[in-house]
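The next block holds one structure in the form of structure tokens; read it before the comments.
Just so you know, all these numbers are worked out from the coordinates, no wet-lab data involved. Keep in mind it's a predicted model, so treat the numbers as computed, not measured. Please note: Cβ atoms are built from the backbone with ideal geometry, for glycine as well, and neighbour counts cover all protein chains shown.
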Amino acid sequence: MAGRYPYEDPAVGLESRIDDLLARMELEDKVGLLYHQYVGITDPEQPDQYGRPGAAEHIRERRMSAFFVQGSPPTARDLAEIHNALQRVALEHPLGVPVTLATDPRHSVTDNPLTANAAGAAFSAWPEALGLAATRSTELVESFAETARQEYLAVGIRVGAHPQIDVTTEPRWARMVGTFGEDAELTGRLGAAYVRGFRGRDAGDTLTPLSVATMPKHFPGGGPQKDGLDPHFSDGKEQVYPGGFFEYHLQPFIDVIKAGATQMMPYYGMPVGTEHEEVGFAFNKSVITGILRERLEFDGIVCTDFGVITGYGEHFPAKAWGVEHLSEEDRVVRLLEAGVDQFGGENRTEHLMSAVKGGRVTEARIDQSVRRLLREKFRLGLFDDARFVDADQANSIVGRLDFREAGVAAQKASLTLLTNGPSDAPTLPARPGIKVYVEGVEPEAFAGYANVVATPSEADLAVVRVSAPNHADPAKSFLGSMHKGSLEYSDGDQEHLLELINTVPTVIDVFFDRPPILEPLMGAAALVASFGTSDRPFVEVLFGDGQPGGALPLDVPRSMAAVLESREDVPFDTHDPLFRYGHGLSYAMPVTVTSDGDGAN
């Protein structure tokens, strides 16, 4: 049935619908489309949980229609109802431009408000992306993306600000858990499978009303951070290429573009010592227009990483690296000149209005970006039947039993066994019925497998779960986790683990959000690398109910000296690593995967 205007009639051709709508838009409507703000898991008519104005105000007052969901909802229905409420507010305007909701990853254990949301009670829980890479399975990655797509659709999320396809050649960088590791070929192959799964296996080469658009990040590759620091902070703003490996980091983006990615997010960092200007990638015309638009022929949406114009108060200034001296309006102009379409985490539409009215930006330039943004909304069906979701069905789709079971199976498959005692007397799988002393594991997880005792001296086996070392600066608040420093455990932590090892055979499982220096702990009865496996599945594999199926997606350095001597942009560059990329043991035999992921022996 035809709507009020031709742009609402699905029978009219896509470009004609866009033309008709664009002709009816006022400048304020167009400008609002270029801003992409956060929205919390709260009533959109009220301030969100972080004290920011509700999304409804941004829709009515600033004509915005793109919102980035932060936080984990109590139930899927809660999020679906927030989505529908936002769509109803959008329909108050005569043009009724629909809202598009986006999100960071939300299917694993990470919970950081500016990088990822934990799966929580609603969504199925899977290993982190680095754990998916440990499985080496494009089929598993595509299956995960298919599952996540269905869960996102049920609550109204239509853009995933992922996959993160940075190649992690700098071992100290704290964001590698969201990546596919150190190998560009594997990263590109898994990233392409990820994009296909979110688009939908039956979608063909374009988005459909059953697709979720993907926004791979962080173009042109955020891995080679100087000294492993992160550009969320000014002391980590430099990306360096001492080995000349710029193209290596670019390759996965070529792969996901070929696979059909329709959006792209550049990182905060600025390239140092290259042919490109030393300004943040979003402000960098030779990177956004020269490489992405012209060389790679990408005509999709480019959305900046969040907070490059205005920042978030005293502790989180604008990440406008290299252009800090520019005014906020100047930064807006510079971003558009570089080739950007949308400003992530921003709501001050007055800057762009002023730039257009002052003749610094033409309305024709705004129309270029508006067309891209409208085209995606139309292709996702948001102007048609997909505008609203069935909130009554959300809880029965999101986190349904088969999705959860698939996630747990993937968690188990990603576990990577690094050492397992002598070959003639392996430690694992452990014998059921033994006495275990545990740290970092819920004792209830051992029910039916072992008896938990209070002290190491009483135990047959100690089982300890720890994270990779974290030497974060507490002054940087929750984002301090991005500045973790050394990969060595503190003296106190190391002494405690060695005391356990010397008292009782000890299994140490390390959550690999970065590769830790493990050589001092090689006396453990077994070492396991995990990438987001819950306690019960971990214990099940420990006792032989499942195999540790993972292979390392990165090298594990032998020492910090080797890390300090390595080049930030060069893969596999630490001297004599303790464990090499592809290392992993099974209970039956060693598993070694080649660098291209095609073989095992």
Next item on the list: Kindly express, to the nearest 10 degrees and within the range 0 to 90, the angle between helix 491-503's C-alpha long axis and the longest C-alpha principal axis of the chain.
Entry: 40 degrees
Next item on the list: As a check on your grasp of the helix formula, calculate [θ] at 222 nm for the chain: sum -39500 (n - 2.57) over DSSP H runs of n ≥ 4, divide by the residue count, round to the nearest 500.
Entry: -9000 deg cm²/dmol
Check: Which value results when the Cα radius of gyration for segment 276-330 is divided by 2.2 N^0.38 Å?
Finding: 1.25
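Go through 562-571, 87-96 and give me the packing order, highest mean Cβ count within 10 Å leading. If you can, show how the numbers build up before the last one.
Values: 562-571: 19.1, 87-96: 16.0.
Answer by packing, highest mean first, reads 562-571, 87-96.
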Note to self: Along each principal axis of its Cα atoms, how long is segment 19-88 end to end? Whole angstroms, biggest number first, please.
What the structure shows: 42, 23, 16
Margin query: Given bins 5 angstrom wide, list per bin the percent of all Cα-Cα distances in segment 223-285, short to long.
Written below: 4, 17, 24, 25, 18, 10, 2, 0
Next item on the list: Using label points projected 7 Å from each Cα along Cα→Cβ, tell me how many nm separate ARG88 and ASP205, to one decimal.
Entry: 4.2 nm
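Can you tell me the order of 450-458, 299-307, 153-161 when each peptide is scored by its average per-residue count of other Cβ atoms within 10 angstrom, highest first?
Put in order of decreasing packing, that is 153-161, 299-307, 450-458.
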Next item on the list: Could you work out the Kirkwood radius for segment 207-313, taking every pair of different alpha carbons, averaging 1/r and inverting it, reported in Å?
Entry: 14.4 Å
Check: Where Rh is the Kirkwood radius over the Cα pairs of segment 416-548, the temperature 25 °C and the viscosity 0.890 mPa s, what D in µm²/s does Stokes-Einstein return?
Finding: 159 µm²/s
Notebook entry, point to check: Peptides 133-143, 484-494, 30-40: what's the order by average Cβ count within 10 Å, highest mean first?
Noted result: 30-40, 133-143, 484-494
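Grab the eigenvalues of the alpha-carbon gyration tensor for segment 494-585, scale each by 5, take roots, and send me the semi-axes largest first in whole angstrom.
Values: eigenvalues 124, 63, 20 Å².
Over the Cα atoms of segment 494-585, the ellipsoid semi-axes are 25, 18, 10 Å.
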Checklist line | Cα-based reach from LYS30 at 30 Å (exclusive), listing lysines while leaving out same-chain residues under 8 positions away | finding: LYS217, LYS258, LYS285, LYS319, LYS357, LYS377
Next item on the list: Specify which residue in the list ALA192, MET353, ASN451 is farthest towards the positive end of the charge dipole of the chain, using unit charges on the beta carbon of Lys, Arg (+1) and Asp, Glu (-1), about the Cα centre.
Entry: MET353
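For the chain, state the average projected area of the convex hull of the C-alpha atoms over all orientations, rounded to one decimal in nm². Mind dumping the intermediate values first?
Details: hull surface 105.4 nm².
With every direction weighted equally, the projected area is 26.4 nm².
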Next item on the list: Compute from the Cα atoms of segment 12-147 the Rg and the Dmax, the latter being the longest Cα-Cα distance, and quote both in angstrom.
Entry: 17.6, 51
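Seen from all sides and averaged, what is the projected area of the convex hull of the Cα atoms in segment 236-393, in nm²? Show your work: numbers first, answer last.
Values: hull surface 48.8 nm².
So the mean shadow area of the Cα hull is 12.2 nm².
Could you give the dipole magnitude of the chain about its Cα centre, charging the beta-carbon of Lys and Arg +1 and that of Asp and Glu -1, in debye to the nearest 20?
Working: 53 positive and 87 negative charges, 225 e Å.
In debye, rounded to 20, the chain gives about 1080.
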